[in-house]
Amino acid sequence: MELLKQRILSDGVELGTEILKVDSFLNHQIDIGLIRQIGNEFAVRFQNENITKILTIESSGIAVACVTSLCLGEVPVIFAKKEKASSMTGEYFGAQVKSFTKGTVSMVRVNKSFIGPEDTILIIDDFLAHGEAASGLISIVEQAGAKLAGVAIVIEKEFQGGGKKIKDRGIRLESLAVVCSMAEGKIHFR
Ligand code: 5GP
C-alpha cells in the first residue's frame, strides 16, 4: 500500500536494525484517516471470505481491527488479553506469546464464549516480526475449532521470518507494507 510506505518513510524511525517506531501514526498517536484506508484495504482483500469475527491482540491492533470491522459489516472484534485480571471469570483459550518488544513470555487469553466452530476469523495485527503474536492467535483459533480466513498485517518485517512461518503453514498472509531491511538508516521495502 503506497500511502502507508510513504508514511513509514516520512515518519518512521528505525531503532537500530530490528525495531521500527511508528508512534506518530500507529502505536501512540493514531492517524484515523490513514487507519481508515488501511481498514478499507484489508476489507477489500477479505471481502469474499464471509468473516464473522476479527481477532487481534491488545493493544495496537485494536484500532486497525475496529476500522476494518466497519468496512466488513461491523463484525465483532475480539482482542486477546495479555494480563489476567480479576474480572476475567469463565473459561479461556490461551497461548504463550513471547513479546517482541519486552522479551517476556506471557499467556494471552480469549474467553471461550467469543469464538466457536461456526466462526470464520480474520486475524489482524499492527506488526509481524518473528510471528510469535500471530502464532498465539492462530493457536486460539485452532483451539476454538473456528475457520481461519487469514492474517492481515499493517507492517511486516520480512527479515525477521514471521511471514515465512505463517505461509509455510498454508495460511493466507496479507501485509500492506513489507520491510525487507532497515540498515544504515534506510528502510527498504519488498
Ligand atoms: P512478533 O510476535 O511477530 O515477533 O512481533 C509482533 C508484535 O510485536 C506486534 O504485536 C507488535 O506489537 C510488536 N512489534 C514487533 N516489531 C515491532 C516494531 O518494529 N515496532 C513496534 N512498534 N512494534 C513491534
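Please treat every number below as a calculation from the coordinates, not as lab data. Quick caveat: nothing in here was measured; it's all calculated off a predicted structure. Positions of Cβ are backbone-derived with ideal geometry, glycine not excepted, and every protein chain shown enters the neighbour counts.
Could you give the angle, 0 to 90 degrees to the nearest 10, between helix 2-11's Cα long axis and the longest principal axis of the Cα atoms of the chain?
The angle comes out near 70 degrees.
If I fit a long axis through the Cα atoms of helix 132-144 and take the longest principal axis of the Cα atoms of the chain, what angle between them do I get, 0 to 90°, rounded to 10?
Roughly 20 degrees between the two axes.
List the lysines whose Cα lies under 20 Å from the Cα of Lys147, skipping any in the same chain that are fewer than 8 positions away.
In chain and number order, the partners are Lys53, Lys112, Lys165, Lys167.
Is any residue of region 39-69 close enough, with backbone N under 14 Å, to a label point placed 7 angstrom from the Cα of Ser87 along the Cα-Cβ axis, and if so, which?
So the set is empty, nothing qualifies.
Measure nothing fancy, just the Cα-based angle from helix 32-45's long axis to the longest principal axis of the chain, in degrees from 0 to 90, nearest 10.
Long axis of 32-45 versus the principal axis of the chain: about 60 degrees.
For the chain, modelled as a Gaussian network with Cα springs under 10 Å, which listed residue fluctuates most, Gly90, Gly16, Gly33?
Judging by the Gaussian network model, the answer is Gly90.
Given the options Gly136, Thr89, Asn50, identify the residue whose Cα lies farthest towards the positive end of the charge dipole of region 43-190 (+1 on Cβ of Lys, Arg; -1 on Cβ of Asp, Glu).
Of the listed residues, the answer is Gly136.
Place a +1 charge on the Cβ of each Lys and Arg in the chain and a -1 charge on the Cβ of each Asp and Glu, then give the dipole magnitude about the Cα centre in debye, rounded to the nearest 20.
320
Kindly flag which residue pairs out of Lys5/Lys82; Lys21/Lys157; Lys5/Lys81 have an alpha-carbon separation exceeding 19 Å in this structure.
Result: Lys5/Lys82; Lys5/Lys81 exceed 19 Å.
Fewest first, what order do Cys71, Cys180 take by the number of other Cβ atoms within 10 Å?
Lowest to highest Cβ neighbour count: Cys180, Cys71.
If I histogram all Cα-Cα distances within the chain using bins 10 Å wide from 0, what percent of pairs lands in each bin?
9, 38, 38, 13, 1
Could you work out Rg/(2.2 N^0.38 Å) for region 84-144, with Rg from alpha carbons only?
That ratio works out to 1.17.
Going through region 37-142, which GluC sites (Glu not before Pro) have at most 16 other Cβ atoms within 10 Å and a DSSP loop state?
Glu49, Glu58, Glu74, Glu83, Glu91, Glu118
Dipole magnitude of region 143-190 about its Cα centre, charges +1 at Lys/Arg Cβ and -1 at Asp/Glu Cβ only, in debye to the nearest 20?
The dipole magnitude comes to about 180 debye.
Which of the trypsin sites (Lys or Arg not before Pro) found in region 104-178 are loop residues per DSSP with 10 or fewer other Cβ atoms within 10 Å of their Cβ?
Answer in residue order: no site qualifies.
Kindly provide the helix-only [θ] at 222 nm of the chain, computed as the sum of -39,500 (n - 2.57) over DSSP H runs of four or more divided by all residues, to the nearest 500 deg cm²/dmol?
Dividing the helical sum by the residues of the chain leaves -9000 deg cm²/dmol.
Quote the relative contact order of the chain in percent (integer), defining contacts as alpha-carbon pairs under 8 Å separated by 6+ residues.
Over the chain, the number comes to 19 percent.
What does the charge dipole of region 28-111 about its Cα centre add up to, to the nearest 20 debye, if the Cβ of each Lys and Arg holds +1 and the Cβ of each Asp and Glu holds -1?
300
Could you calculate the FRET efficiency of Asn27 with Glu118 from 1/(1 + (r/R0)^6), where r is the beta carbon distance between them and R0 is 35 Å, rounded to 0.05?
Once the sixth-power term is evaluated, E becomes 0.55.
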